[in-house]
Amino acid sequence: MATTAQFRRLHRRVGIDRVAGLPPQFERSGDTWLFRRHGHGPAVRISDDEFQASMRAGLRAVLVHALVLPLFAWLGWLVLERLLPDGSVNALAALFGVVLSVIGLALFGSLRHYADAPGRAFAGRPQVAPARDPSDATQPGWTTIVALTFILLTAAALGTRQPAAFYIAFATASVMLGLILAVRRLRFDAALTVVQRERLREQRAVERQREVARLGRQPDVHWWQLPLLVLFILLQLAFLALGVIVCVGVVLGITGETSTGMSFGQFIAGFLPGLALGYVLFIPLERLCKRWTGVSAVHALDWLPPSW
């Protein structure tokens, strides 16, 4: 049987800590674990075997949802074509951006249901520690939401290599993503009490002071590390593009279509799996980047303050 350390490395590798929402609910406590529902509920004690079982279930849920997303996206496009046979491609693409966002939101809600599975399984156990304030560490800030939406819309506006319908769908999905993140942030803030909001503000101030002190104690960064980090970022983006090109090429080979006659549905059928393939391809580059520069290329902009 795999050890807990092996499962934790696997989860970090596939990003389960950011997708499945499971690790923030568990804390190591000697030879056992403390489980807090949603990451801030009362703590109950569970065994190491129960922790591993929860992690395996979460990993399976992420993989299944990742496989289902492109299938549902393809079905959504087919439904739109059937319901609106006389609609223009660009109009269908705009509607598809909305449909794709709704599909993603539904799958995200399904993942949250799986993330809450341990809470249902361990309900009724004796509490060993009281509940604590919810953390907003996993919630996007308002600046992050606006900046992300702006960057995505800029990318859609500057794109020229794909059909116009693709960029229309991309831009629509980007706006929908921004709205969904904004609603999630509003719901989180509305659920906080006045005392919890004040404590969160104090916690952010302390964390900023610690970060300033930490950066002040760090040795100087070598001059060559910044251009090397930029190079790694560009290479990882290139590997993402390579994954998309390979998967789109596979779809065209299966359907017998050429790139000039490729439909939007065929492109999406290769685009989404291509992103997953590109992510797998740049994992070795990410490791080298951390080793040579000390910084993750994926999270190179995490240093930006919340007020930026």
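The values are calculated or read from the model by the stated rules, or taken from the named source; none is laboratory data. Quick caveat, the model's predicted, so the values are computed rather than measured. As a convention, Cβ positions derive from the backbone with ideal geometry for all residues, glycine included, and neighbour counts pool all protein chains shown. Side chains included, ligands, DNA and RNA excluded: accessible areas come from the protein's heavy atoms. Shrake-Rupley method; radii C 1.70, N 1.55, O 1.52, S 1.80 Å.
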Item checked: Accessible area in square angstrom per residue, region 57-171, 1.4 angstrom probe -> 59
Checklist line | Cα extents of region 34-77 along the three principal axes, largest first (Å) | finding: 46, 22, 7
Checklist line | Distance in nm between pseudo-label sites at ARG208 and THR143 (7 Å out along the Cβ direction from Cα) | finding: 0.9
Next item on the list: Can you grab the distance from the C-alpha centre of region 235-295 to the C-alpha centre of region 60-94, Å, no decimals?
Entry: 19
Item checked: Gain upon complete extension [ALA91, LEU63; 0.36 nm per residue less C-alpha separation] -> 6.9 nm
Next item on the list: For CYS289, CYS247, give the ranking by accessible area with the largest first, probe 1.4 Å.
Entry: CYS247, CYS289
Note to self: Taking the Cα centre as origin and putting +1 on Lys and Arg beta-carbons and -1 on Asp and Glu beta-carbons, what dipole magnitude results for region 42-163, to the nearest 20 debye?
What the structure shows: 140
Next item on the list: Please identify which residues in region 55-75 have an amide N closer than 20 Å to a label point set 7 Å out from the Cα of VAL280, following the Cα→Cβ vector.
Entry: 56-74
Next item on the list: Can you tell me the FRET efficiency between VAL79 and VAL250 if r is taken as the Cβ-Cβ distance and R0 is 22 Å, rounded to the nearest 0.05?
Entry: 0.40
Note to self: If amide hydrogens are placed 1.01 Å from N in the peptide plane, which non-local residues have theirs closer than 5 Å to the one on VAL128?
What the structure shows: ALA43, VAL44, ARG45
Next item on the list: Would you kindly state how much longer the chain becomes between VAL194 and LYS290 on full extension, computed as 0.36 nm times their sequence separation minus their alpha carbon distance, in nm to one decimal?
Entry: 30.6 nm
Item checked: Tail fraction, Cα-Cα pairs, region 119-180, threshold 15 Å, whole percent -> 65
Checklist line | Distance-filtered residues of region 64-106 - backbone nitrogen under 19 Å, label point 7 angstrom along ARG184 Cα→Cβ | finding: 64-70, 73, 97-106
Next item on the list: Starting from the Cα of LEU153, step 7 Å along the direction of its Cβ; do the same at VAL98; then give the gap between the two resulting points in nm.
Entry: 1.8
Next item on the list: When a/c is below 1.5 the answer is rounded, else prolate if a/b is larger than b/c, else oblate, so apply that to region 75-187 with a ≥ b ≥ c taken from the square roots of the Cα gyration tensor eigenvalues.
Entry: oblate
Notebook entry, point to check: Relative contact order for region 139-196 using alpha-carbon pairs under 8 Å, separation at least 6, rounded to a whole percent?
Noted result: 47
